[in-house]
Every structure is written in structure tokens, then in C-alpha cells.
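Please read the structure below before turning to the comments.
The values are calculated or read from the model by the stated rules, or taken from the named source; none is laboratory data. The structure displayed is predicted, hence computed values, not measured ones. Please note: Cβ atoms are built from the backbone with ideal geometry, for glycine as well, and neighbour counts cover all protein chains shown. SASA here: full protein model, heavy atoms, side chains in, ligands and nucleic acids out. Shrake-Rupley method; radii C 1.70, N 1.55, O 1.52, S 1.80 Å.
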Amino acid sequence: MRVTLFITCLVDQFYPNVGVSMVRLLRRYGCEVEFPQSQTCCGQPAFNSGYVREAREVATNQLNAFEGAEYVVSPSGSCSGMIHHYYHELFADDPKLSARADALAAKTYEFSQFLVNVLGVTDVGAVCPHTVTYHPACHGSRILGIKNEPMALLQNVEGITLLPLAKAEDCCGFGGAFSVKLGDISGAMVNEKVDHIGEADADFLVSGDMGCLMNMGGQMKKRGLKTEPLHLAEFLYRFSS
């Protein structure tokens, strides 16, 4: 199976181990992983800020970069959600580009969805004798409909103790441009979120989007919490390699 990696800006610039972990897990299950060097941002920051022309330019580049892909897999429900739900809108006035956008959306998957729903993998052979709590990232759960896939993977980790996170589905306050435009509100939201993470007192906080983990992780570090934030792919690879 040929998989083309859509790495996302945050992973590319700040958290490369997430991408490395995802590639190594995919290869373990027989996937040939490709990485088009021409890929860039999905266009979501520009789109959410009202710069539609600029978002179209970036999105057009993505259409070209992933044109020949069999499957496109990304470590982000947010960036995958942009392709799934907003590319069609971006190109609504251009039938050819709109059709290409729909074709890209149809073959684009968030990492846990691809692992569970396409490859049929729910047990990667991980062993983790630690406590873990899970944050369901908003865009993944609300836009892409990710529900059971991450938990199916975590529940099959040998020795794990999954701890509930109070108000788990509440937003962490990041939201990309939202945290910049409405910093006070964003700060209040992440503070409340980290209150609940502190109450869970787990060894690891796992989620599927580095935007959320970066936001929560910064506040956790500021408070001196011992809980380590980890992307699901990095967590699974660390404890199964």
C-alpha cells in the first residue's frame, strides 16, 4: 500500500519526532511511505483569517503535491479537516479544481483513522506500565468524526492505565488563529483544561493534534505538572519499538 505523508506545519517545524514515529509505524504494517517535498501549509490559518485568495493559492499547491497519491495520511485532524470540509468551498467557483479537491478529500485520512479503519490495526504491540489520559482534539472529533479510533489503539496497550479526563471534549483554547485574536479567552480555556489535566494526574497526556498539545503543554510546563504531552503516534511508537 502506498501512503503519502501530509506532515503539517507544526510537526514539520517543531515536532519532527511525531512524523518519524508515524512513518515507522506505517512501514511496520507494510506501507510504502512517500513525502512530496513540494507540500506546504494546508491554508487553514489564511482561510480562518479571511484571506481566501491566499488560502486558495496554498491549497492549489497541495492539490498538485498530492495529485498522484493513493492515500494521504496526516498526524492532524485539524489539517485533514481543512481538506475534507473547506477545500470544496475554496474552489466552488472552479469545477475542475473543485473536483480535484473532492478527490483529495476522499483519500485523505487522519493517522488513527487510517491505522484502524483502513489498515485494520488496533494493537501495535505497545507495552506501557503508566497512567494515561486522553484529550479528543476538537477538529478531529467534530469535523472528521474521530471517536473510537484513538481509544481502540490505547485500550490495546498492554499494562496501560487509562484515567478519565474531566470535561474531556471541551476545547483547549488553541484553535490556531483563535488563540492569537482572542488571547484572553484562549488563556482562560487552556487554564481550565489544565486544571482537569492536573486533577487526572496521569503520567502522559495523549492527543492526536500537536496544536492542542503545544497549547496545553505550554501551560502544563508553566505550572510544573509532571504529565508529559505526547501525540498518539509518538506514544504508540515509543512504547512498541
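Provide the net charge surrounding residue 121, with neighbours chosen by a C-beta distance below 12 Å and charges set as Lys +1, Arg +1, Asp -1, Glu -1.
On the way: positive: 28; negative: 123, 149.
Residues near residue 121 contribute -1 overall.
For segment 61-127 and segment 166-209, compute the distance between their C-alpha centroids and round to whole Å.
Comparing the Cα centres of segment 61-127 and segment 166-209, I get a distance of 26 Å.
Run the reach check for residue 193 against lysines, Cα to Cα strictly under 25 Å, same-chain hits fewer than 8 apart removed. What comes back?
Within the straight-line cut-off, residue 193 pairs with 147, 167, 181, 221, 222, 226.
Could you calculate the contour length gain from residue 96 to residue 67, that is, 0.36 nm times the residue separation minus the distance between their Cα atoms, to one decimal place in nm? Before the final figure, lay out each step's value.
Details: separation 29, 0.36 × 29 = 10.44 nm, distance 1.30 nm.
Taking 0.36 nm per residue and subtracting the Cα distance, the gain is 9.1 nm.
Using a 10 Å cut-off on Cβ atoms, rank the peptides 7-18, 229-240 from the highest mean neighbour count down. Could you put the intermediate results ahead of the total?
Working: 7-18: 17.6, 229-240: 23.3.
Final packing ranking: 229-240, 7-18.
Where a Cα-Cα gap under 18 Å defines reach, which aspartates and glutamates qualify for residue 107, not counting those fewer than 8 residues away within the same chain?
Counting by Cα, and skipping residues close in sequence, residue 107 has these aspartates and glutamates nearby: 32, 34, 67, 70, 89, 149.
Using the heavy atoms of the protein chains and a 1.4 angstrom probe, tell me the accessible area per residue for segment 154-241 in square angstrom.
On the way: 4100 Å² over 88 residues.
That works out to 47 Å² for each residue.
Treating the angle as unsigned and between 0 and 90°, give the value, to the nearest 10°, between the Cα long axis of helix 16-28 and the longest Cα principal axis of the chain.
That works out to roughly 80 degrees.
For segment 87-127, restrict the atom set to alpha-carbon positions and state the Rg and Dmax in Å.
15.4, 51
In µm²/s, what is D for the chain at 25 °C and 0.890 mPa s, where D = kT/(6 pi eta Rh) by Stokes-Einstein and Rh is the Kirkwood radius from Cα pairs? Display every interim value, and only then the final one.
Details: Rh = 18.2 Å.
So the translational diffusion coefficient is about 135 µm²/s.
Estimate the FRET efficiency between residue 37 and residue 167 by the formula 1/(1 + (r/R0)^6), using the beta-carbon distance for r and 51 Å for R0, to the nearest 0.05. Please report the intermediate quantities before stating the final value.
Details: r = 41 Å, r/R0 = 0.80.
Efficiency for this residue pair is about 0.80.
If packing is taken as the average count of other Cβ atoms within 10 Å, what order do 179-190, 33-44 fall into, highest mean first?
Details: 179-190: 14.7, 33-44: 16.6.
Going from most to least packed, we get 33-44, 179-190.
Sort 60-67, 209-216 by packing, meaning the average of other beta carbons within 10 Å per residue, with the highest value first. Don't skip to the end; give the middle numbers.
On the way: 60-67: 17.9, 209-216: 25.0.
Per-residue mean Cβ counts within 10 Å order the peptides as 209-216, 60-67.
Which residue, 206, 127, 157, has the most motion in a Gaussian network model of the chain that connects Cα atoms within less than 10 Å?
127
Could you pull out every residue, at least 5 positions away or on a different chain, whose amide H is within less than 5 Å of the one on residue 34? Hs are placed 1.01 Å off N in the peptide plane, and Pro or chain starts have none.
Those lying under 5 Å, H to H, from residue 34 are 3, 4, 5.
With N set to the residue count of segment 196-241, report its C-alpha Rg divided by 2.2 N^0.38 Å to two decimal places. If you can, show how the numbers build up before the last one.
On the way: Rg = 10.6 Å, N = 46, 2.2 N^0.38 = 9.4 Å.
Segment 196-241 yields a ratio of 1.12.
Under 5 Å between amide hydrogens, which residues at least 5 positions from residue 108 or on another chain qualify, with H placed 1.01 Å from N in the peptide plane?
72
What is the percent carbon and sulfur in the accessible area of segment 103-241, measuring with a 1.4 Å probe over the protein chains and ignoring ligands? All intermediate terms of the calculation are to be shown ahead of the outcome.
Values: 3130 of 5930 Å².
Summing carbon and sulfur atoms, their accessible area is 53 percent of the total for segment 103-241.
Order 88, 139, most accessible first, counting only protein heavy atoms with a 1.4 angstrom probe. Each step should come with its number before you reach the end.
Values: 88 90, 139 55 Å².
Of 88, 139, the descending order of accessible area is 88, 139.
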